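The values are calculated or read from the model by the stated rules, or taken from the named source; none is laboratory data. No experiment lies behind these values; they were computed from the predicted model shown. Here the Cβ is made from the backbone with ideal geometry for all residues, glycine too, and neighbour counts use every protein chain on show. Surface accessibility is based on the protein's heavy atoms, side chains included, excluding ligands, DNA and RNA. Shrake-Rupley method; radii C 1.70, N 1.55, O 1.52, S 1.80 Å.
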Amino acid sequence: MNRYFEAHERVFKAHTLILPLVEMAMQRGVSADLLLKGSKLFFEDFKTHSQLISCAQLDVVFSNASKLLAKDGVSFLLGERLSHTASGNGFQALLHAKSLHHMYRISQLRQFELFPYLYTKSLRTHTHTHFILNFAVYKPSAQVTTFFYELFASLIERVLKQRLGMLATQRLDAFDYCIQFPFPEPRYIEQFHSNLCGSYSFSHQSFVIAISNKLLNQPLADAMPTLARYYLCQNDHSKHRVGFLQFVTSLIDQFPKATSDQVAHKMGYSCATFKRKLKQHQTSFKELKDELQKQQSLFNITERGYSNEQAAAALSFNDTTNFRRAFKRWTGKTPSEYRHILSR
């Protein structure tokens with residue numbers, strides 16, 4: 001079995017996201033056929049047997065939902081529904097973890113089972129841990145990207161509140177928990193006010209969830225770590241599979257000086273095939289490498305207070321001039337301009 005899966009592969013269970021989304025659309029007067037249009041999926045098939053779908057098909061349905069149901073907040077409602085209906089050994093392990101940090105470690109081990117569409121990289125300061133999220137399989141359109149981020153924000157907030165013993169309407173402390181969305185404030189901002197009780201802001205460079213280290217390591221009152229370990233020991237042959245882009249990015253991270261040709265060789269592809277596959281997943285080797293370096297440099301400058309020299313050295317740039325040029329290409333601003341904005 002491949003260590004990764006691609007956008008066209010049917011590996012996801014339709015009843016996890018598609019079926020509840022169809023039901024919500026029908027409740028709002030949108031037919032199943034209209035929501036599924038262009039996906040080569042048919043509602044009747046869901047009624048009779050378990051069906052597997054691909055990320056490409058999910059993209060089509062989410063795109064349709066974004067156009068047909070944007071004002072209804074179905075992305076948030078889908079995240080809430082998923083928090084109530086999720087099952088399986090991975091989710092059971094989450095429910096018995098001894099802390100939020102333990103939950104994060106479990107989510108890494110059982111990513112495919114829990115939420116295989118996004119992957120997380122954690123970066124830590126002395127007060128907070130910043131979880132940077134990227135797409136694991138392919139790079140979707142702006143509409144679908146927004147839909148995924150809203151869904152995930154809703155899901156995470158509800159799972160955290162459940163484990164922290166908080167009521168659904170209780171607000172999470174802004175110091176302990178905040179979300180940075182990488183898109184401008186949407187026209188339907190009331191959906192964020194209605195569906196999210198944590199602190200959030202818009203127009204950031206990446207999708208980031210920041211949690212205080214104190215909250216992250218706080219013992220959970222209802223924890224049963226032995227039971228969590230039991231569920232993690234249950235067989236799951238898919239638990240080590242990751243999305244195509246996540247696998248490529250892990251190689252770039254592991255071998256930061258490797259060229260596109262060298263990464264292609266490590267994956268067993270010719271240079272032309274590798275380039276074509278990246279294009280099929282709506283990205284390129286340069287885009288993936290730039291995004292990785294941008295996220296690391298932004299964190300080093302904004303959270304760790306690195307100077308240009310320190311930030312350049314951390315990414316193995318030969319000099320600060322090249323780093324400043326790269327930073328401006330990544331963000332549209334020089335490091336000094338970015339610091340000035342943050343200081344206001």
*Taking the options 277, 266, 294, 286, name whichever one is basic (Lys, Arg) and in contact with a Leu (Cβ under 8 Å, 6 or more places away or on another chain).*
266
*Under 6 Å between Cβ atoms, at least 6 apart or on separate chains: pull out the pairs that start in the stretch 44-59 with a residue that is among the aromatic types (Phe, Trp, Tyr) and end on any residue that is surrounded by 11 or more Cβ atoms within 10 Å (Cβ to Cβ) and outside any loop (DSSP other than H, G, I, E, B).*
46/14; 46/19
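Does the stretch 331-342 contain any residue that is touching a Pro at 6+ places or on another chain (Cβ under 9 Å), open to solvent by less than 60 Å² (accessible area, probe 1.4 Å) and of a type in the set (Gly, Ala, Ser)?
Just the residues of the stretch 331-342 that are touching a Pro at 6+ places or on another chain (Cβ under 9 Å), to begin with: none.
Looking for residues that are touching a Pro at 6+ places or on another chain (Cβ under 9 Å), open to solvent by less than 60 Å² (accessible area, probe 1.4 Å) and of a type in the set (Gly, Ala, Ser), one finds none in the stretch 331-342, hence no.
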*Members of the stretch 122-161 found to be within 20 Å of residue 6 (Cβ to Cβ) and part of a helix (DSSP H, G or I), listed by number*: 144, 145, 148
*Do we have residue 254 as farther than 22 Å from residue 8 by Cα, open to solvent by 70 Å² or more (accessible area, probe 1.4 Å) and under 22 Å from the mean Cα position of the chain (by Cα) here?*
yes
*Would you check which residues across the stretch 303-330 are open to solvent by 50 Å² or more (accessible area, probe 1.4 Å) and in contact (Cβ under 8 Å) with a residue 40 or more places away in the chain and list them?*
303, 304, 316
_Wholly enclosed helices (runs of 4 or more DSSP H) of the stretch 182-292 bearing at least 3 residues modelled with pLDDT under 95_ = 189-195, 225-233
*Any idea which of (1) over 11 Å from the mean Cα position of the chain (by Cα); (2) buried (at least 18 other Cβ atoms within 10 Å of the Cβ) is the one residue 173 doesn't satisfy?*
(2)
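Tally time: how many residues in the stretch 102-121 are touching a strand residue (DSSP E or B) at 6+ places or on another chain (Cβ under 8 Å), part of a helix (DSSP H, G or I) and open to solvent by 50 Å² or more (accessible area, probe 1.4 Å)?
Taking the stretch 102-121 as the starting set, the residues that turn out to be touching a strand residue (DSSP E or B) at 6+ places or on another chain (Cβ under 8 Å) are 104, 107-108, 111-112, 116-121.
Subset that is part of a helix (DSSP H, G or I): 104, 107-108, 111-112.
Right, trim to open to solvent by 50 Å² or more (accessible area, probe 1.4 Å) and you get 108.
Of the residues in that region, 1 qualify.
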*Would you say residue 99 is small (Gly, Ala, Ser) and under 16 Å from residue 153 (Cα atoms)?*
no
*Just name the residue that is farthest from residue 127 (Cα to Cα) out of those in the stretch 319-344 that are in contact with a helix residue (DSSP H, G or I) (Cβ under 8 Å, 6 or more places away or on another chain) and not in a helix (DSSP H, G or I).*
319
*asked:* One residue is enough: does the stretch 189-202 have a residue meeting the conditions over 26 Å from residue 85 (Cα atoms), hydrophobic (A, V, I, L, M, F, W, C) and touching a residue at least 40 places away in the same chain (Cβ under 8 Å)?
replied: no
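Condition check ((1) in a helix (DSSP H, G or I); (2) surrounded by fewer than 19 Cβ atoms within 10 Å (Cβ to Cβ); (3) at pLDDT 90 or above; (4) of a type outside the set (D, E, K, R)) across all residues:
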| site | (1), (2), (3), (4) |
| --- | --- |
| 2 | no, yes, no, yes |
| 17 | yes, no, yes, yes |
| 22 | yes, no, yes, yes |
| 29 | no, yes, yes, yes |
| 44 | yes, yes, no, no |
| 47 | yes, yes, no, no |
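Within the stretch 147-159, identify whether any single residue is among the basic types (Lys, Arg), over 17 Å from residue 86 (Cα atoms) and open to solvent by 20 Å² or more (accessible area, probe 1.4 Å), and answer yes or no.
Going through the stretch 147-159, the residues among the basic types (Lys, Arg) turn out to be 158.
Of the ones still in play, those that are also over 17 Å from residue 86 (Cα atoms) are none.
No; the residues of the stretch 147-159 include none that is among the basic types (Lys, Arg), over 17 Å from residue 86 (Cα atoms) and open to solvent by 20 Å² or more (accessible area, probe 1.4 Å).
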*Would you mind stating whether residue 60 is in contact with a Cys (Cβ under 7 Å, 6 or more places away or on another chain) and either in a helix (DSSP H, G or I) or at pLDDT 95 or above (or both)?*
no
*Quick one: would you say residue 51 is open to solvent by 40 Å² or more (accessible area, probe 1.4 Å), more than 17 Å from the chain's Cα centre (by Cα) and at pLDDT below 95?*
no
*For the stretch 218-231, state whether one or more residues are without any contact (Cβ under 8 Å) to a residue 60 or more places away in the chain and touching a strand residue (DSSP E or B) at 6+ places or on another chain (Cβ under 8 Å).*
no
